[in-house]
Amino acid sequence: MRVLLAVVVLGGCGSSPPAPSTPTSAEGSSAPLEVPASTHEAMQLFEENGYTLSGAEYWPYVGEVDIDYPKEVLWGFYPQAGVTPPGEEEPNPATANPEAVDCAEQSYRALRAFIESDPPMLREINQRGVDAGFNPKFYLWTNDYTKAATPYPPGVREARLWYWKRKTPDPTRPPGYWKWEATLTQAGECQVPKQPQIDEYLTTTLAELK
């Protein structure tokens, strides 16, 4: 039985627009992140190396239509139908699929390993990019396609690391978040961000800032 922790989840955010990998120890490294073994470590907010995990979101896709954002997005680490997560104004419309929660926990452990490795490129981006809207806050994002059609016409989102920027500045909220996005496929395969994609995104982003 999973032990649920009482946690505070900050206000969510989103946008419409495969196994994890040893932490990077040098800029441009493509060594895979090694996810530490865990017996269902409960997800929670944390701070490490100056970075913060601010919350979590689940995107459950059904049939052939794209998700209705933000109405159908589930917020929090362990969303429950009818429960309003701290920091949100509306109750979650559904309870998160247990398989999606398991995938989120895998992704959470991979994210912790990534942040504990203190990647040099990530740190430099956050140092250089303050005026460009970058900040050291992360959000855990899990796509759930177990009820989606195969194939899924809008396309299946890839597992990836990327940065979401707020379109309209809000002085009461962060300018954006690093999104650590995992995907649970129609076949039930949990995919988390891979090191090659992480390195490519960080390299490109840092080059743009320079």
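The values are calculated or read from the model by the stated rules, or taken from the named source; none is laboratory data. Since we're looking at a predicted model, the values are computed, not measured. Cβ sites come from the backbone with ideal geometry, for glycine too, and all protein chains shown count toward neighbours.
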Open item on the list: On the basis of being acidic (Asp, Glu) and surrounded by fewer than 22 Cβ atoms within 10 Å (Cβ to Cβ), does residue 131 make the cut?
Closed with: yes
Task: Flag for residue 62 being closer than 28 Å to residue 154 by Cβ, modelled with pLDDT of 90 or more, surrounded by 13 or more Cβ atoms within 10 Å (Cβ to Cβ) and under 16 Å from the mean Cα position of the chain (by Cα) - done: no
- [ ] Given the conditions (1) surrounded by fewer than 19 Cβ atoms within 10 Å (Cβ to Cβ); (2) closer than 19 Å to residue 53 by Cα, report the number of the one that residue 150 does not fulfil.
- [x] (2)
- [ ] Please specify each residue of the stretch 44-73 satisfying the condition of being in contact with an Asp or Glu (Cβ under 7 Å, 6 or more places away or on another chain) and not polar (S, T, N, Q).
- [x] 48, 58, 59, 60, 61, 73
Task: Pick from the stretch 161-210, criterion part of a loop (DSSP other than H, G, I, E, B) and among the acidic types (Asp, Glu), ranking: nearest to residue 106 (Cα to Cα) - done: 189
Open item on the list: Whether any residue in the stretch 109-126 is modelled with pLDDT of 95 or more, closer than 18 Å to residue 184 by Cβ and either assigned to a loop (DSSP other than H, G, I, E, B) or not small (Gly, Ala, Ser) (or both) is what I want to check.
Closed with: yes
TODO: Check the stretch 48-71 and report whether any residue there is out of contact with any strand residue (DSSP E or B) (no Cβ under 8 Å at 6 or more places or on another chain) and assigned to a strand (DSSP E or B).
DONE: yes
